[in-house]
1. Does the stretch 30-47 hold any residues that are over 11 Å from the mean Cα position of the chain (by Cα) and open to solvent by less than 30 Å² (accessible area, probe 1.4 Å), and which are they?
2. With respect to residue 26, determine if the residue is part of a loop (DSSP other than H, G, I, E, B), at pLDDT below 80 and open to solvent by 100 Å² or more (accessible area, probe 1.4 Å).
3. Tell me yes or no: at least one residue of the stretch 2-17 is at positive phi, part of a loop (DSSP other than H, G, I, E, B) and modelled with pLDDT of 85 or more.
4. Here's a check for you: in the stretch 29-44, which residue that is in contact with a strand residue (DSSP E or B) (Cβ under 6 Å, 6 or more places away or on another chain) and touching a residue at least 12 places away in the same chain (Cβ under 8 Å) is nearest to residue 13 (Cα to Cα)?
5. Report the residue count in the stretch 32-55 for those that are in a helix (DSSP H, G or I) and of a type in the set (A, V, I, L, M, F, W, C).
6. Scanning the stretch 1-10 for residues that are touching a residue at least 24 places away in the same chain (Cβ under 8 Å) and over 10 Å from residue 39 (Cα atoms), which turns out least open to solvent (accessible area, probe 1.4 Å)?
7. Using the structure shown, decide if residue 18 is touching a helix residue (DSSP H, G or I) at 6+ places or on another chain (Cβ under 6 Å) and open to solvent by 60 Å² or more (accessible area, probe 1.4 Å).
Amino acid sequence: MQIIKCDICKKTIEKGSNSIHISVGKSILSDHVEICLICGKSILKLLKNKKLIKD
């Protein structure tokens, strides 16, 4: 069983709930962080404003 916690607020992210996974690199062993949607709102806003992601 894998337990995922937000890397910012340390809140447990339930399986099946929405979260944000940010990684650098293409392999499974790349550096990555997993954050909840509450902590990720500002990051999503920045990425949308810079047109790096779409809705």
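The values are calculated or read from the model by the stated rules, or taken from the named source; none is laboratory data. All figures in this text were calculated on a predicted structure; none of them were measured in a lab. Cβ placement follows ideal geometry from the backbone for every residue including glycine, while neighbour counts extend to all protein chains displayed. Ligands, DNA and RNA are excluded from the accessible area calculation, which covers all protein heavy atoms including side chains. Shrake-Rupley method; radii C 1.70, N 1.55, O 1.52, S 1.80 Å.
1. Residue satisfying the conditions is 30 alone.
2. yes
3. yes
4. Ranking the candidates gives 36 first.
5. 7
6. 4
7. So residue 18 passes the test.
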